[in-house]
Every structure is written in C-alpha cells, then in structure tokens.
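Colleague: Please see the structure below; I have some questions.
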Amino acid sequence: MFHIFQYQPLRLITQNSLSNVCLKLMLSRPVAFKQIWKSWFSSHSLLGKKNIILMGPPGAGKTTIGRIVGQKLDCPFIDIDDDVLETTWNMSVSEKMQEVGYEEFLEEEGKALLKFSASGSVISLSGSNPMHAAGMQHMKENGIVVYLDVPTTVIMSRLKTMKVDRIVGLSPGVSLKDILQFRKQFYKRWFDIRVLCGGDIAAAVVAEKVLDAVKRYQDSELETFISTRSSRSGRSMEKDSHKYFSDVVTQGLALDGGLFVPEKGLPKFTAEEWQGLIEATYTERAQVILESCIHPADIPASKLAEIIETAYGENFSCSKIAPVRHLAGNQFLLELFHGPTASFKDFALQLVPHLFAYCIPRTCNYLFLVATSGDTGSAVLDGFSRLHDTDKQRIALVNFFPEDGVSPIQKSQMISCQKENAWSVGVKSDFDFCQTAIKQIFTNSDFTGFLTVEYGTALAAANSINWARLLPQIVYHASAYLDLVHQGIISFGSPVDICIPTGNFGNMLAAFYAKMMGIPIRKCICASNENNVLTDFIRTGAYDLRGRKLISTFSPAVDILKSSNLERYLHLIANEDGQLVTQLFNQLENQGYFQLRKDLLGKLQQDLVAGWCSEEDCLAAIHSVYSTTGYILDTHTAVAKVVADRLQDRTCPIIISSTAHYSKFAPAILRALRIAEINQNPLSQLHLLSSYSALPPIHWGLLETLKKTGNGDHHICAADMSVLMCHIETLIQNHFM
C-alpha cells in the first residue's frame, strides 16, 4: 500500500510541550507566532483529513496550480504521474503507455490509484485517472474533487505549444478534440466542485479560485435566503431568517407573505468565465450556471447534472434547446417554444419538479399549487407527470386557471396533460384571483396546519413565486447572448437589448439577473398588451389598480395586473429594505395603489423601459412579419415585436423573447393572416396553419395532444376561497389517503 500522510511538525509535539513551545513563541516573537498559527489553522480547517484532488484534461494546469495551492495551505502536494505512477512502475508514464498499450495502461493506472492513500494533501490527478471508476471511487472517499474546467479550444492550443503528441486514447482516425470531448463525461461524473479556467488566466489566480471554491463547498452557511419583506434588524429573530435553497424550494412563499431571494445576491462570472462557455452546449451552460446558484450541500453537482440531462436531454424538439434566429435588421428571436408544451415555461417546469423531488423531505406528502394564465398549466402538469413513479406517490399537483381566460388549445392541453398525480381546476374568475388565492392559502396557517396534521400533507408553490422557477430562466437569457457571440454577430462585451412580453415579471427578472451575473445586457424592455399596468408603472412609478379591470386579449399569458416578481426587483433596488417593500405591497393590497419614491424610480428607469401594444397592432405585426419573412410570430412575441420597433435605438442588437409557439393561439393567428372562415375545431385550425408551410413548423407536441381522443374532463369551481380549499382537501384525500 502506497501511503502519504500530511506532515505537520506541530503534530509531532506532545500536547504539553506544544503549549510550552506556543507560549514561548507567542511571548518572544508574537508576529511570527500569529503567521504560523494562521497558516496551520487555515490548512487544518480547510482540509482536515480530506484531500483536495485536482482533476481535468491534459494541459489544464493541474500540477502547477496544485503546487501553488499546497504552498498556500502549507501542506503536501502529490502529483499522481510523477510521485505515484512513475515511482510504482519505475519508468516514465509515456514508456509505460508504449509498453502495455492504451487499454491496459488505464487498468494499470487504476490499480496504482487503488493502492494509494493520503491525508490532508493536495493531489493532482493524471488526465486519464477519472476513466477508471474503481480508482476514482477510492480517491473520492477521502477527497474533494475539483474539476479544472478549461475550454477544449484552449486545451488544444496549450497541448500544441507543449508539443504533446501522446495522450491516452489517441490513435489513427481519432482526433485530439474527440478524445477531449469524450473524457468530459468522466470528469462530470466525479467532480464535487467546478472551477472555470479561461484561456489566459494565471495559475495563481486559478489557485485562489480553487481555495474559494473549496471554502464555499465546505460552508453552506455562505448561501442563505431571506424574505423580501424581512427587516435587517429583525432577521436574526425571524422564523424565515437564513433559509437554504432546499428550504425555499420546499416552502415557496415566506411566512410573512414575501418572496425568497439570496441574501448575498447572485454570483457574478468574469468575462473570461463567460467566454469559456461560448463553445458549450445549452445543457453544459445550464450546468455551470445552476451549479453556481445552488449550493452542493443542497444538490450535489453530479445529481444536478443528472436532473438537467433528464429535463433537456430528449424533451425538446430542437437540439439547440433555445436557438436564436435572425428576424430582420438588428432583431433576433430567442425561440423558447421547443419544449413539450410549446412555451417558455417548459424550461423551468421540465427541471423544477425533479429539483422538488430531490429537495423535499420524505417524511410527508407534498401537494404543489399553481395558478396559471395559460402556458404554465400544461407545462407544470407535463413536468410533474414525468417524475419517477415512486415520487408521484408522494408528490401531487393541482393547477388553477381562469376557466374562460385561456385559449381553447391551452385548455385542451391542460385537460389532456392531467395525470394520476396532476389535475386542473378551472376557476370562474381571472388569473389575478387565482394567484392571490394561492398566496392567501399559503399564509393561512390554520388550513395548512390542518392538512399537515390530518393528512400528513404539506403545501408548496410551483409558480414563479418559487425561487427555483426563476433560475432556469436565467440560463436561456445568458445562452442567447453567448449564441450571438458564437455566431459572430457580436464580440463578447458588446451590449444587447432584450425585449420580453411580460405580465408577472418573472421572465424579465430572470433577464435582469443574467445581467447582474455579467451578461452585457444594456436595456430590458418590458412589453405589455392592453393590460399595461407594468408599462405605466415603469414610466411613472405609480402602480395603480384602482378602477382597472383585466382585459381579455389575444396574448392571455400576460393578461395580468398584479405582477408578483416585481416585488423581488423592488427589494433589490431598495437595497434590501424589507420594511419598505412590505409597506408598498400592503398598500397595493389594501388600497390598490402605491407610488415609488423618486430615487428608486430613477434606479428602475436605468434598468427598464416599457411600452404596450394594442390588439390591432398585435395582429398587424403578425401579418407584416409573415408577409416579409415567411415567419409566424405568436401573439405574445408580436406584442414584444411592436414594442421593440418603437423603443429600440438600433445601436445594438435586440433579442426578442419568443415565449410561445403560434400554434397555441391558432384562431388569433388565422385572423391575423386574414382567413375569412375559421373552423372552431382546434385540430382543424392547426391543419390549416400547417398548409402555409411557414417557419417555424407546427409544434409536434400540440398536434399529438389534440389528436388524442377522450382527453377527459376537469373540475370547475366558483371564485370562492372556501370552495378552492375544499377542492384541495378532496384531492388530497383521493390521492394520498
């Protein structure tokens, strides 16, 4: 057995003599004592008996960085190639490879790892060590594996400079790039921490990043969440103070009625780190971004990778997941409708149910409540229906939607997507009632307590008020910018504007978060339909619902007057003043109105601009774009297109979020295309649209949904809180009892 143990001279001294030595040193040379003690304590507290294990492709700089980290921690550094393999074999690694061949080399390398042990050391693996499962499992048992993630193009350049012409697996007909791509699956399997390493970043800087990453990994206390309505002075005494990611996913809404936000904000990537993702796939970008926002104590990196692959691997009809398409001039469309239910909601709701299933305790059952203005309903039903059967037994969902406030196809989707653990309830009211009702149910401690005691069931939220819903949306805004860089439209650092049709402000907030994380977004343009309360607010600072009634429009997903996620944004620009946020939203609830302070309005208008679109202009935009490009916009994207045309200054590209597929709103689209007679059968409408051979083609998922026979029925209830609570109790009885 090959052993290397941490050498600590102080550990060789007995406890009594250690005290005497420390006392003499402290008295005679206090500065030296302080430095030695700080160095020893740093390495001891960071490592203990664990190893820091550096992993990555050849040329990642593992050896150089490992030496620096070892020096900073004053602990041993071990290079597996030089200190273990060559010592064990009594020959160089390249000689061993020539002697036994690639496949046998991997096995011999793995055997050497299995005989190796160390404690409290920094270890640099070979580039091929992770390909031996048993050897890596052995190493991981006493170590924190740090993946030095260097872009493949950078690695290839470095290897060329180093004149490296032999690595494990290289053979005639197999390119170096193919080998490096092939190895990524093994690195992703084993790492605990990822450290992004750009092309020109100095080894000393990477070493500091490694140490910071290890500190983060070992201290989940660094990443806690607070309510938007909590006061700074009272946080230490409040029940909702210092929640963790898994807590806020489970709870959804804070007990004080506020929304959860990260106490220390979101991580910010450097320009080099973002540029390292330009060549990455969508799922790779999602993995990196979400890892930085979700502490590994809540969801380990390997589990998160599995969840992301499940969500985006096969459920989207486009391999690019969220492609960016040039529309005209400096306008680009971010197509967010390639998921199974044809709207941007799929990005969060294919992922989030699996996050829920992992995070929520197994000590009780969970019923998730959702309010939808259209697209969320089918997306959340589809997402929860894809959970594993064992999870379906303990996790269920009920979706409330305005019975007469969604399109016929949207309603058909929501009815069709019902499963054994997911149901739809039509409410004889509008979306704002549904959303407000859910918030009131969550804060009704008598009702929620009764469900827990009587049925062993807790309630949770799957709307965008849940923090987990926002994170996947950050990914596609960042990815869209990186795609423009990859396509050569812009260079990294050049600004873009983003225009989003928005009502509940979640999608817009996600874009703003992407900007905070380092994506060069200049202006976020909010596009409203005739329910233009957000536009008025952004222009004047007055959020005024007095005398305002919800208007049913061709773009129902933004038929919203009470914008929930606006609260998170106001909390941010108000420097986390929870008392002010509480005052504003209590005033809105009780009086239907609040006015933003002048200084806060100034901050807001630095970030946001807004406009709105009439019904006539919406249909005209659909017709105009189709006539000139052959592309059909959905009604929500048309709203954004109209507003973008009015507000952009054409000095930089503008990315318009195409939030849904036009197939979902066939009657309005056919009207925009000036079809005189429209068949009322949704399937006939889609067949008529498909005859246009337009871009994009008819959505495959919608056709399959409408082709199904016997879609079933759904519950319909009055706009009454007691009736909704009765429905919830009945569904719990039927599913869990």
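The values are calculated or read from the model by the stated rules, or taken from the named source; none is laboratory data. Source: prediction; values computed, not measured. Cβ: placed from backbone, ideal geometry, glycine included. Neighbour counts: every protein chain shown. With ligands, DNA and RNA removed, areas are computed over all heavy atoms of the protein, side chains included. Shrake-Rupley method; radii C 1.70, N 1.55, O 1.52, S 1.80 Å.
Colleague: What number comes out for accessible area per residue over segment 406-528 if the probe is 1.4 Å? Units Å², please.
Modeller: On a per-residue basis, segment 406-528 sits at 25 Å².
Colleague: Ok, one more. Measure up Lys392/Lys439; Lys50/Lys72; Lys243/Lys264; Lys411/Lys641 against 18 Å on the Cα-Cα distance and list the ones that go over.
Modeller: Lys392/Lys439; Lys411/Lys641
Colleague: Of Ser491, Ser121, Ser684, which has the most accessible area with a 1.4 Å probe, and how do the rest follow in descending order?
Modeller: Working: Ser491 70, Ser121 0, Ser684 45 Å².
The residues order as Ser491, Ser684, Ser121, largest area first.
Colleague: Quick check on packing: order 656-669, 508-521, 542-555 by the mean number of other C-beta atoms within 10 Å, highest mean leading.
Modeller: Top to bottom by mean Cβ count within 10 Å: 656-669, 508-521, 542-555.
Colleague: Rounded to the nearest 10 degrees, what's the angle between the helix 176-190 long axis and the longest principal axis of the chain, both from Cα atoms, 0 to 90?
Modeller: Relative to the chain, helix 176-190 is tipped by roughly 90 degrees.
Colleague: Under a plain spin-label model, where a point goes 7 Å from the Cα along Cα-to-Cβ, how far apart in nm are Asp247 and Arg674?
Modeller: Each label point is offset 7 Å from its Cα along the Cβ direction, giving 6.1 nm.
Colleague: Let me ask another. Collect residues whose amide H, placed 1.01 Å from N in the peptide plane, falls under 5 Å from the amide H of Phe116; neighbours closer than 5 in sequence don't count.
Modeller: Sorted by chain and number, the residues that satisfy this are Phe2.
Colleague: Assuming R0 = 30 Å, what is the FRET efficiency of Ser690 and Asp404, from their Cβ-Cβ distance, to the nearest 0.05?
Modeller: Efficiency, rounded to the nearest 0.05: 0.60.
Colleague: Same structure, new question: Let me see the pair-distance distribution of segment 634-737: every alpha carbon pair, 10 Å bin width, integer percents in order.
Modeller: The distribution over segment 634-737 is 12, 28, 22, 24, 13, 2, 0, given as percents.
Colleague: Would you please give the FRET efficiency between Lys549 and Arg362, computed as 1/(1 + (r/R0)^6) with r the Cβ-Cβ distance and R0 = 51 Å, to the nearest 0.05? All intermediate terms of the calculation are to be shown ahead of the outcome.
Modeller: Working: r = 45 Å, r/R0 = 0.89.
Result of the calculation: an efficiency of 0.65.
Colleague: Reported to two decimal places, what Rg/Rh ratio describes segment 51-218 when computed on Cα atoms with Rh from the Kirkwood expression?
Modeller: Computed over Cα atoms, the ratio is 0.94.
Colleague: How big, on average over all directions, is the shadow cast by the Cα convex hull of the chain, in nm²?
Modeller: Working: hull surface 149.5 nm².
Quarter of the Cα hull surface area: 37.4 nm².
Colleague: Can you figure out the FRET efficiency of Asp599 with Ser722, using R₀ = 56 Å and their beta-carbon distance, to the nearest 0.05?
Modeller: 0.80
Colleague: Express the carbon and sulfur contribution to the solvent-accessible surface of segment 526-645 as a percent, rounded to the nearest whole number, probe 1.4 angstrom.
Modeller: Looking at segment 526-645 in its full context, I get 48 percent from C and S.
Colleague: How large a share of the accessible area of segment 51-218, in percent, is made up of carbon and sulfur atoms when the probe is 1.4 Å and the other protein chains stay in place?
Modeller: On segment 51-218, the fraction of accessible area on carbon and sulfur atoms equals 50 percent.
Colleague: Over the Cα atoms of segment 395-444, compute the convex hull volume and normalise it per residue, giving Å³.
Modeller: Cα-based convex hull of segment 395-444, divided per residue, equals 71 Å³.
Colleague: In addition: Setting aside same-chain residues fewer than 8 positions from Lys268, which lysines have a Cα under 19 Å from its Cα?
Modeller: Lys268 reaches Lys209, Lys215, Lys515, Lys523.
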